[in-house]
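For reference, the structure is listed below as structure tokens.
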Amino acid sequence: MTQDVLEFAGQRLNLPPTERGRARWRKIIETAERLFIERGYANVTLSTIVAESGGSLQTVYKWFGNKDKLFFAIHSVRIDDVQKMIETATFEGESVEEGLSFAIDSMTKNTPFHLMRVVLFESGAPTQYESEFLSYIESKINASFVSFFRRLRERYGVEYIVSDEETALVFIRYFRGFALEIALGAKDAQERLESGKRLLKRTMLALVKTSEGA
């Protein structure tokens with residue numbers, strides 16, 4: 001994390017200027033995320049977070065302002081982490097199908113499904129932020145996925161039937177759809193996850209030009 005400012009759904013957060021401060025900032029973020037998932041948003045206070053993360057309540061107020069802003073800072077960091085994963089992803093395997101499987105597996109391993117449930121169904125966060133949540137994620141990572149699918153295309157020497165931009169958008173919106181199913185916390189969440197991954201791979205492979213369709 002090298003930038004000085006993080007933004008999420010209209011919120012602007014200035015990061016501490018020192019590496020030590022940023023390490024403490026990240027510790028608070030990680031502790032708060034764990035507690036929100038374990039206990040639910042309404043059952044966690046800033047005092048609870050400070051008691052487990054260390055530091056002072058005054059520092060938390062200085063860096064985040066209130067619980068809502070801390071909550072959204074968690075998502076800003078998470079999205080930043082996923083974005084970096086997309087931008088630095090390499091492709092394993094000898095075929096585009098294997099490359100897609102690797103990409104989809106990487107995305108699912110790095111997606112905070114439990115945290116999505118908190119923000120969408122339990123947080124009680126301001127409505128104006130909730131309404132911007134999904135569109136923000138889409139706009140934030142779209143450019144990274146365009147680059148990702150361009151590199152995938154070049155790595156395996158294939159072409160898509162639509163542009164790199166449209167290919168990325170198909171992936172993002174489909175992935176978002178089945179991610180929300182998992183976030184709902186259905187008893188068959190793991191089955192839905194595996195099914196969603198298979199269908200997503202088939203969908204993306206259908207966008208690859210064949211020799212007959214070239």
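Values quoted throughout were computed directly from the atomic coordinates according to the rules given, and no laboratory measurement underlies them. The model shown is predicted, which means the values in this text are computed figures rather than measured ones. FYI the Cβ positions are ideal-geometry reconstructions off the backbone, even for glycines, and counts take in every protein chain you see.
Taking the beta-carbon count within 10 Å as an exposure proxy, list H114, H75 from fewest neighbours to most.
H114, H75
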- Going from the fewest other Cβ atoms within 10 Å to the most, one would list M85, M116 as M85, M116
- Query: Which FRET efficiency, nearest 0.05, do R12 and K84 yield, Cβ-Cβ r, R0 25 Å?
  - Reply: 0.80
- Which value in nm describes the separation of the simple spin-label points at T45 and R26, placed 7 Å from the Cα toward the beta carbon? 3.0 nm
- Item | For region 5-68, radius of gyration divided by Kirkwood radius, i.e. Rg to Rh on alpha-carbons | 0.95
- So between E159 and F102, what do we pick up on full extension, going 0.36 nm a residue minus the alpha carbon distance? 18.7 nm
- Item | Taking F175, F149 and counting other C-beta atoms within 10 Å, the order from fewest to most | F175, F149
